[in-house]
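**Q** Pasting a structure below so you can have a look.
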Ligand SMILES: Nc1ncnc2c1ncn2[C@@H]1O[C@H](COP(=O)(O)OP(=O)(O)OP(=O)(O)O)[C@@H](O)[C@H]1O
Ligand SMILES: [Mg+2]
């Protein structure tokens, strides 16, 4: 197997404390996994808040340097990419999708600008017709078209539509890997499935591997091929998604799963009330 992405014992620590009380907090500890270049997949990282998911994403994207271990993309150490042209080539192959689509796009800039400038920058296109064609093709992959998007501003569209445009933009350079850090957490619950389903289409039709970062076990279970569960910077479970998420073997993954509310607001409300009730009766028992 040739590796698309390989993490070997990757760690990242941050200094904490004041000048005289220096300590280190380990955001990511000894993280290893390999993604196969010939077998596109949806590789999911699940974990509670602060477990090291974004730190991992930032290191894979080359925006953060590991303090230990190594990350190789197509055999090349990501930290050694220095020159502008190498950096651009790497960024074309490894594209990010961020959590907040409303922040990703400037409200005063039309959305097509982002698509056009990506086509110019990464594909080197100059002719108007070629730039339009590249933007339209990418938009078609996410169920939109340039005619629908041209001249529109971010406030005119829903979070779900914006996230589709963010995916289209990421597709323009022809990436091999997309790193999506909580891409649906700000999207209306009813639209989440359609966005994550899009990732499946990208995997199957375009051969793009997706690193899908989420808290949400239901979408993770539904679309992932493999999953790792992180807890305080460490992987505590890893394997085939159905096995890990279908039969959680540890207390933690069970707790995570129970923390996800059903999409139906009436059912969600009932569960929240049950939790409150249980907490109240627990408190009362403790007091009595
Ligand atoms: N630049 C930084 N300086 C200091 N500590 C940091 C820095 N970035 C992250 N951390 C710490 O590292 C830990 C992991 O953070 P990270 O953002 O990777 O978690 P996460 O799993 O993405 O959480 P969330 O689900 O809330 O997004 C946290 O304790 C965080 O406070
Ligand atoms: Mg995060």
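The values are calculated or read from the model by the stated rules, or taken from the named source; none is laboratory data. Remember, it's a predicted structure, so these values are computed and weren't measured experimentally. Cβ coordinates were reconstructed from backbone atoms using ideal geometry, including for glycine residues, and neighbour counts include every protein chain displayed.
**Q** Which residue out of 187, 179 is modelled with pLDDT under 90 and either closer than 25 Å to residue 93 by Cα or outside any helix (DSSP H, G or I) (or both)?
**A** 187
**Q** In the range 203-218, how many residues are within 16 Å of ligand 2 (Cβ to nearest atom) and at pLDDT 90 or above?
**A** Adding up the residues that qualify gives 4.
**Q** Still on this model: Looking for whichever is over 21 Å from the mean Cα position of the chain (by Cα), within 16 Å of ligand 1 (Cβ to nearest atom), farther than 30 Å from residue 152 by Cα and modelled with pLDDT of 95 or more here; the options are 67, 44, 55. Which one fits?
**A** The match here is 67.
**Q** Here's a follow-up. Could you tell me how many of the residues in the range 237-247 are surrounded by fewer than 16 Cβ atoms within 10 Å (Cβ to Cβ) and within 15 Å of residue 53 (Cα to Cα)?
**A** So the count comes out to 1.
**Q** Would you mind finding the one in 102, 90 that is more than 29 Å from residue 71 (Cβ to Cβ), surrounded by fewer than 17 Cβ atoms within 10 Å (Cβ to Cβ) and away from ligand 2 (no atom under 16 Å from the Cβ)?
**A** Checking each option against the conditions leaves just 102.
**Q** Which of the residues that make up the range 78-113 are within 24 Å of residue 184 (Cβ to Cβ) and part of a helix (DSSP H, G or I)?
**A** Listed by number, the residues that qualify are 91, 93, 101, 102, 103, 104, 111, 112.
**Q** For the range 46-59, which positions are buried (at least 24 other Cβ atoms within 10 Å of the Cβ), more than 10 Å from ligand 2 (Cβ to nearest atom) and in contact (Cβ under 8 Å) with a residue 60 or more places away in the chain?
**A** Correct list: 46 only.
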